[in-house]
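Where a number appears in this text, it was derived from the coordinates with a stated rule and is not lab data. In this text, all values refer to a predicted model and were calculated from it rather than measured experimentally. Note that we place each Cβ from the backbone using ideal geometry, even for glycine, and neighbour counts take in every protein chain shown.
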């Protein structure tokens, strides 16, 4: 366990005296996410009540995300989080008790300082090798070599599942202390004076890649109602296209093909172009061809050929049935993307190439060339590329490799650092897409975050499955709360307002 000397700032007693929103209790527990795996939930108690938050996890993850601590062993097939919960209930609880929940930056900074490194957010704290009995923890430019036991202590106390959950719960307590909605609290923290922009939803209606058991290489296919006038109308459009898509898929492949993937989308046995064709057919059947654009999350890291500047679009097939023609070089994949862009109303593509920090320089060149060629008309989103981390965002900005941040709080580990990432992105002309994870919970905080930070766009799955619709329903509530002042950016989703 980390030493307690790291976790007691001198200002704590003063903060407790002057604030009725002082944190008096922290309780972590193990709950279950949408894939049936354990995750962390935290209650934070103040004089205003008890406030609960939980964090999701991803199936397709960046190599430099904040670490996700799992127990190992046989319990829950190694995916238990009892160690992370224990750390919440001891080290982190001791660190934040007495702090003012309304002072988000201080709460997050205390956890960062307790971590004992200059930049917890450069985190990427991944265990890259255990063969030598050592763990290599990547923290920005510094690599710390330690033993497996020491590594677990460092990682365990401040893994993303621990710190981000405490940070989120504290933000809810802070909003209550100020007597404002959560979205308004996030706006106040960030310095956004006009949090009145609802995000354009990117409905993931076809699932492939690591999110589904079909052969489809690309991970997510989006229906994006950029022609809607309001968020409410965008929900109607998304739902109607979704139901029409079910009919189209059923007609082509039968009822079994309408089974859904991790994020609520369908998982038909199709290739990339067939998926896009079915989306366009469903959109036409619903009567919304003039109001819908489309997008892709390629998640190409999942089918990058190791050691080569090549990508295997048939990566789920093995043996003699494998189609060698679907192994594409970086240039061939760029050409394929351009063909799709010319043929379909594609406005956003996420992670078109692998994570260049861990692989060949060719992937930097692929990212940069592609963004230069299409970036004016098409949003090029960095998820695995940036992992909501200012260090990597700055690198991508300098390289001209992307023009949009995918915002995931549990990639970086706190609300404050997430806001820093958003500001850096917006200051450099990037768009920001708020995002869920594939292993979600019922917590809907990302809806509030999208509005509070005026990100202008959100992806949180299909309009299907309760953990997905919880976010959409919260956005409908926020829209009603803002009332006539609520704005819907439509095709301006890349530049929606604040800092845009």
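How much length, in nm to one decimal, is gained on full extension between residue 273 and residue 74, taken as 0.36 nm per residue of separation minus their Cα-Cα distance?
Extra length from residue 273 to residue 74 when fully extended: 67.5 nm.
If you rank 464, 270, 404, 202 by fewest surrounding Cβ atoms within 10 Å, what's the result?
Sorted ascending by nearby Cβ count, the order is 464, 270, 404, 202.
How much length would be gained if the chain were fully extended between residue 30 and residue 320, taking 0.36 nm per residue of separation minus their Cα-Cα distance, in nm to one decimal?
Gain on stretching residue 30 to residue 320: 100.0 nm.
What does the highest-first list of 190-198, 99-107 look like by mean Cβ count within 10 Å?
My ranking of the peptides, most packed first, is 99-107, 190-198.
What's the extension gain from residue 372 to residue 284 if we count 0.36 nm per residue and subtract their Cα-Cα distance?
Contour length minus Cα-Cα distance gives 28.5 nm.
Show me 465-476, 440-451 ranked by packing, highest mean number of other Cβ atoms within 10 Å first.
440-451, 465-476
Only bridges whose two residues both fall in region 190-492 count here: according to DSSP, what percent of them are antiparallel, nearest 5?
Roughly 40 percent of the beta bridges in region 190-492 run antiparallel, per DSSP.
When the Cα centres of region 414-461 and region 316-331 are compared, how far apart do they sit, in Å?
Spelled out, the Cα-based centre of one part sits 35 Å from the other.
Order of 426-433, 300-307 by packing, highest average Cβ count within 10 Å first?
Descending packing order for the listed peptides: 426-433, 300-307.
Using Cα pairs closer than 8 Å and at least 6 residues apart in sequence, work out the relative contact order for region 190-492, in percent.
24 percent
So how far apart, in nm, are the two label points at residue 230 and residue 180 if each is 7 Å from Cα heading toward Cβ?
Placing both labels 7 Å along Cα→Cβ, they lie 2.5 nm apart.
Is the shape of region 190-492 rounded, prolate or oblate, going by the alpha carbon gyration tensor and its root eigenvalues a ≥ b ≥ c, with a/c under 1.5 for rounded and a/b larger than b/c for prolate?
oblate
Taking the Cβ-Cβ separation of residue 442 and residue 105 as r and a Förster radius of 25 Å, what is the calculated FRET efficiency to the nearest 0.05?
Approximately 0.35, to the nearest 0.05.
Calculate, for residue 394 and residue 339, the FRET efficiency according to 1/(1 + (r/R0)^6) with r their C-beta to C-beta distance and R0 30 Å; round to the nearest 0.05.
0.40
In which sequence would 231, 370 go, from the one with the fewest C-beta neighbours within 10 Å to the one with the most?
In order of increasing Cβ crowding within 10 Å: 370, 231.
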